[in-house]
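Take a look at the structure below.
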Amino acid sequence: MSRLMRMSLLATAISSAWPAATFAQGEAAAKATETSFAAAFFLSRGSIFGTAIIWFLLALSVFSVGLMGYMWVINRRIHILPEGLAERSRQLIQTQQYRELLGLLSADVSYFGKVLGASLQESSHGFGAMIRALEQAADEHTTRRLRQIEILNVIGNVAPMIGLFGTVYGMILAFQSIVAAGGRPSPVELAAGIGTALVTTFWGLIIAIPSVAVYALIRNNVDALTSEAMLEAQDLVNRFRPSQAAPPAASPAPPARLNRPSAPGGAAGPSA
């Protein structure tokens, strides 16, 4: 009877300890899975160069996010065509307060202020010089803004190539593991090379897709705002166009004097 009791107690202890052990093993496996899942996106198993490619893409993604935010901020309407600046400039031109207008535009750093200010600086050389200065300043400042945001387009095109480079490198590692194992590679070594290939491609696309999309949005915004600012500045400069006086009316030609033919005997006839 005592032996039966000892066996029943042992079975009870085992049955109570089994769920706890199973839960502990499951929790450990879950933690290991989470660790390996996180490490798969930031590390390349068995390849320092593959890890360097991944971290370079990570650094490039951080830089691209910061650059997208900065380009979006400096290309808003307030930096291209501020509210009220065109109307204030129009009022100063109507009241012929040109000194105040030049002071206002020289203190303004917006696209509209720089373009209109460059045109008014050439007012002493005539209306033609003002138009040429307006067009030249508009082209210069527009090109400068587009050149700045072009960096996003470069990042969007280069990042997938870097990811493709990592893809090729990872596939080389995978095939080398096959060759080194004589056609029967270890699944771990084979998965390491394939993992490097996929992760680098993943990060390349993560960088490229938002960079190209935001570049297109900012470029369209810059084109629209600079065109609007250019039209406003051109309208104000046209107020300095010299008025052309009407040419004097041509005096009518005097009527031709008609003479009758001479009368017989040489006497002249009466004039008409």
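Any read-out appearing in this document is the output of simple, stated calculations on the displayed coordinates, not a laboratory observation. Since this is a predicted model, take the numbers as computed values, not measurements. Glycine gets a Cβ as well: all are built from the backbone with ideal geometry, and neighbour counts include every protein chain shown.
Based on the alpha carbon coordinates of the range 41-239, what radius of gyration and maximum Cα-Cα distance (Dmax) apply, in Å?
For the range 41-239, the Cα-based Rg and Dmax read 26.3, 90 Å.
What FRET efficiency comes out for the pair A107/Q148, r = Cβ-Cβ distance, R0 = 25 Å, nearest 0.05?
Efficiency, from the Cβ-Cβ distance: 0.65.
For the residue pair R184 and F165, what label-to-label distance in nm results when each label sits 7 Å from Cα along the Cα-to-beta-carbon direction?
If labels sit at R184 and F165, their model points lie 3.8 nm apart.
Note the direction-averaged projected area, equal to a quarter of the hull surface, for the Cα convex hull of the range 107-163, in nm².
Over every viewing direction, the Cα hull of the range 107-163 projects on average to 4.8 nm².
Quick one: length gained pulling I93 to A59 fully straight, 0.36 nm per residue minus the C-alpha distance?
Result for the pair: 7.1 nm of gain on full extension.
How would L67, L231, L58 line up from fewest to most surrounding beta-carbon atoms within 10 angstrom?
L231, L58, L67
Largest first and in whole Å, give the semi-axes of the range 174-245's equivalent ellipsoid, each being the square root of 5 times a Cα gyration tensor eigenvalue.
Semi-axes (√(5λ), whole Å): 65, 10, 5.
At 0.36 nm per residue, and after removing the present C-alpha to C-alpha distance, how many nm does the segment from A216 to D139 gain when stretched out fully?
Extra length from A216 to D139 when fully extended: 25.8 nm.
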